[in-house]
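Just below is one structure, and these are the notes that go with it.
Just so you know, all these numbers are worked out from the coordinates, no wet-lab data involved. Remember, predicted model here, so these are calculated numbers, not experimental data. Note that each Cβ is placed from the backbone with ideal geometry, even for glycine, and that neighbours are counted across all protein chains shown.
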Amino acid sequence: MSELEKQIILVTGFGPFGTHQINASWEAVKLLPDEFEGYRISKNEIPVCYTEVEEKVPTLWTSHKPKLVVHVGVSSLARAITIEKMANKSGYEKLDCYGKKHPTGNACPPDFGDDCIPTTINVKDICEFLNNKNEVIKFSTSENAGRFLCEYIYYISLRKDRRRSIFIHVPPLDTPYTSQQLCDGILQIIECALKQSCLC
């Protein structure tokens, strides 16, 4: 097995919460192949819980040393597969799936970094390329990841390495895309991200 084949693409989806008792993000992520372009894909379901995210995400980074980290979440506002450009440190006032508040005063701990961290992956180029390529699935970008667990998990990974972190919001299932279409869209984003110079 070559060194390239040992490298990992880490992908997470979220578990159920609120009205999303079947979470489109995990339904799509679990359909991803186990291997892609010589990389192994590690698929992980993450509870919609602040403390779980704080504990699990750094551990996944340490244990996998991933080439690329792709977090996926569902958004009722999304009408396309949406790549988030950045994440913020504070403003996390919503209760998690266990009805718990953020444990450290609605913000990542003080030593966690800048107030706002952008990904250096060029998501605008990815969306433009994929929209020209696809007739059915549409892609967009966003600068507002929602100040909930989606943005929180993204901030933690951007703090680890903004060159290798990306977050994708997907619409709920069948509005309009199936889980397989969402999976295909995520895989196309992964393929584009791997080709960018910051990951080479």
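Data overview
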| read-out | value |
| --- | --- |
| Beta bridge orientation in the stretch 3-199: antiparallel %, DSSP, nearest 5 | 30 |
| 17 Å Cα-Cα reach of residue 67 towards lysines, excluding residues that sit fewer than 8 places from it in its own chain | 6, 43, 160, 195 |
| Cβ-derived FRET efficiency at R0 35 Å, residue 132 paired with residue 45, nearest 0.05 | 0.60 |
| For the stretch 92-103, 3J(HN,Hα) per residue [Karplus equation, 6.51 cos²θ - 1.76 cosθ + 1.60, θ = phi - 60°, Hz, x = Gly/Pro] | 8, 9, 6, 6, 7, 5, 9, x, 9, 6, 4, x |
| Ratio Rg/Rh [Cα only; Rh per Kirkwood] for the stretch 3-199 | 0.93 |
| Dipole-positive endmost among 173, 62, 15 within the chain (Cβ charges, Cα centre) | 62 |
| Sorted by Cβ neighbour density within 10 Å, fewest at the top, the residues 194, 32, 95, 149 | 95, 194, 32, 149 |
| Exposure proxy order (Cβ contacts within 10 Å, fewest to most) of 167, 139, 17 | 17, 139, 167 |
| Helical mean residue ellipticity (222 nm; -39500 (n - 2.57) per DSSP H run of 4+; nearest 500) of the chain | -9500 deg cm²/dmol |
| Reach of residue 138 by Cα under 16 Å, taken over lysines that are not fewer than 8 positions away in the same chain | 124 |
| Karplus-derived 3J(HN,Hα), 6.51/-1.76/1.60, for each residue of the stretch 144-151, Hz, glycine and proline x | 9, 8, x, 6, 9, 4, 4, 5 |
| Euclidean distance of C-alpha centroids, the stretch 131-154 and the stretch 36-67, integer Å | 19 |
| Under 13 Å from the Cα of residue 30 - aspartates and glutamates, other chains or at least 8 residues apart | 45, 184 |
| Net charge dipole size for the chain [Lys, Arg +1 and Asp, Glu -1 on Cβ; Debye, nearest 20] | 240 |
| Net length gained if the chain between residue 59 and residue 98 were fully extended (0.36 nm per residue, minus Cα distance) | 11.9 nm |
